[in-house]
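Read the structure below first, then the notes.
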Amino acid sequence: MAIETPASEATANLAFPELLGTDHVELYVGNARQAAYFYSRAFGFTVIAYGGPETGIRDRASYVLEQGKVRIVLTSPLGPEGHIAQHIALHGDGVRAIALRVHDAEAAYLAATSRGATGIQEPTTVSDRSGSLTYATIATYGDTVHHFIARDDYAGIHWPGFREETRGKESVGVRFIDHTVGNVEKGKMDGCVNFYSEVFGFTVFQEFDENDIATQYSALRSKVTRDMNTMITFPINEPAVGLKKSQIQEYLEFYRGAGVQHIALHTDDIISTVGAMRERGVQFLSSTPNEYYDELREHSAGIAEDIDELQRLNILVDREEDGYLLQLFTRPVTDRPTLFFEVIQRKGAKGFGKGNFKALFESIEREQEARGNLV
Ligand code: FE2
């Protein structure tokens with residue numbers, strides 16, 4: 001007679017999906033051709049592949065861009081039907097998928113769904129002359145998904161049906177994704193963090209509450225989840241009650257739900273990276289008060305960078321026990337106040353710039369006020 005194992009016990013015995021790192025991030029955008037120009041010209045990415053009608057893909061156009069280890073895919077639908085068009089109509093341009101590299105997509109999918117993840121796409125193998133690639137998809141917060149991508153047997157540039165391209169070779173020094181942040185509705189943060197710990201075995205690396213991240217008017221809470229093997233890091237934010245509307249609530253209203261708030265790009269030389277991006281037209285948050293840099297000058301021991309340069313470029317510095325980090329947020333890259341990027345350089349520090357939260361979030365708040373959404 002078979003003995004039934006309670007679901008929780010069965011889950012506890014199953015291994016976590018074996019992750020190797022981030023494969024790519026896919027954005028659904030209204031006009032992938034123009035977005036590809038923006039991200040290559042302004043952000044320093046190289047267009048390395050293209051898939052669309054010319055390569056036998058009938059319903060969409062996708063451009064694959066790369067810089068360092070960062071790979072982003074920009075996809076637009078060619079008509080109003082289907083889930084890509086619906087995603088764009090609802091959310092505007094935004095991140096659809098954070099794709100995770102694995103050796104075995106089938107095993108990762110089975111492990112994830114057995115541990116409570118909702119399956120979106122069962123393991124599927126696609127192939128061409130360059131070999132075969134298997135992928136599978138699970139849901140995470142909002143309409144955002146994770147793909148598992150197994151490409152050990154695939155020698156092509158990106159995906160079957162894509163052709164190689166080489167356009168724009170003007171790197172600004174971005175090396176890899178430091179972290180990718182999700183915004184979820186009030187009260188949903190802990191459930192989302194539990195999802196990452198139960199399904200993937202991520203641990204909470206740091207947490208911040210409204211006492212850490214509050215400006216005069218608005219507040220948010222954040223927990224940083226991380227896979228200790230690959231250092232894949234997913235902080236999750238939720239709005240908190242303040243005197244006025246949280247900037248996370250503004251995001252949720254304009255994105256129409258939970259989604260990716262920002263992608264942090266790691267550089268080894270933030271002055272050069274931010275300088276190049278500014279020259280190419282990337283708009284960053286600005287108007288950090290002069291007092292911030294006056295104070296920094298007074299306590300500048302151990303900081304190698306020229307403070308005048310940091311002030312000119314509006315770069316923020318945060319010290320921790322193990323060192324310091326330098327960071328700056330872009331303004332939203334979309335018309336809706338939703339997705340933005342961060343540029344970050346770490347000099348020993350492993351955290352997220354807790355000391356900068358006030359300055360950063362006040363900058364966001366000033367923009368929120370200019371939009372008429374700080375109410
Ligand atoms: Fe960040």
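The values are calculated or read from the model by the stated rules, or taken from the named source; none is laboratory data. Quick caveat, the model's predicted, so the values are computed rather than measured. Using ideal geometry, Cβ is built from the backbone for each residue, glycine included, and neighbour counts are taken over all protein chains shown. Accessible surface areas use protein heavy atoms only, side chains included; no ligands, DNA or RNA. Shrake-Rupley method; radii C 1.70, N 1.55, O 1.52, S 1.80 Å.
Out of the residues in segment 217-240 that are without any contact (Cβ under 8 Å) to a residue 40 or more places away in the chain and away from the ligand (no atom under 16 Å from the Cβ), state the one that is most open to solvent (accessible area, probe 1.4 Å). The qualifying residue most open to solvent (accessible area, probe 1.4 Å) is MET228.
Restricted to segment 241-270, and to residues there that are of a type in the set (A, V, I, L, M) and over 25 Å from GLY21 (Cα atoms), the residue that is most open to solvent (accessible area, probe 1.4 Å) is LEU243.
Inside segment 327-358, residues that are touching a Gly at 6+ places or on another chain (Cβ under 9 Å) and either open to solvent by 40 Å² or more (accessible area, probe 1.4 Å) or farther than 30 Å from ILE88 by Cβ (or both) make up a count of 7. Is segment 95-110 home to any residue that is in contact (Cβ under 8 Å) with a residue 60 or more places away in the chain, part of a strand (DSSP E or B) and basic (Lys, Arg)? Yes.
Taken over segment 317-370, residues that are charged (D, E, K, R) and assigned to a strand (DSSP E or B) amount to 6.
Candidates are the residues of segment 343-356 that are under 22 Å from TYR217 (Cβ atoms) and under 18 Å from the mean Cα position of the chain (by Cα); the one that is nearest to the ligand (Cβ to nearest atom) is PHE352. Taking the criterion of being open to solvent by less than 40 Å² (accessible area, probe 1.4 Å) and at pLDDT below 90, the residues of segment 173-213 that qualify are PHE208, ILE213. Here ILE307 clears all of (1) surrounded by 21 or more Cβ atoms within 10 Å (Cβ to Cβ); (2) free of Cβ contacts under 8 Å to residues at least 40 places away in the same chain except the condition numbered (1). Name the residues in segment 359-375 that are within 14 Å of the ligand (Cβ to nearest atom) and either open to solvent by 40 Å² or more (accessible area, probe 1.4 Å) or more than 19 Å from the chain's Cα centre (by Cα) (or both), would you? Residues satisfying the conditions are ALA359, SER363.
Examine segment 292-303 for a residue that is buried (at least 20 other Cβ atoms within 10 Å of the Cβ), more than 14 Å from the ligand (Cβ to nearest atom) and not in a loop (DSSP other than H, G, I, E, B), and state whether such a residue exists. Checked against the condition, which is being buried (at least 20 other Cβ atoms within 10 Å of the Cβ), more than 14 Å from the ligand (Cβ to nearest atom) and not in a loop (DSSP other than H, G, I, E, B), segment 292-303 yields at least one hit. Among the residues making up segment 304-316, those that are under 28 Å from the mean Cα position of the chain (by Cα) and either among the small types (Gly, Ala, Ser) or not in a loop (DSSP other than H, G, I, E, B) (or both) are GLU309, LEU310, GLN311, ARG312, LEU313, LEU316. In this structure, GLU321 does not satisfy being away from the ligand (no atom under 15 Å from the Cβ), open to solvent by 10 Å² or more (accessible area, probe 1.4 Å) and either among the hydrophobic types (A, V, I, L, M, F, W, C) or touching a helix residue (DSSP H, G or I) at 6+ places or on another chain (Cβ under 7 Å) (or both). Return yes when VAL260 is part of a strand (DSSP E or B), at pLDDT 95 or above and at negative phi and no when it is not. Taking the combined requirement at face value, the residue satisfies it.
Residues that are more than 30 Å from HIS103 (Cβ to Cβ) and aliphatic (A, V, I, L, M) number at least 1 in the following strands (runs of 3 or more DSSP E) confined to segment 120-226: 219-226.
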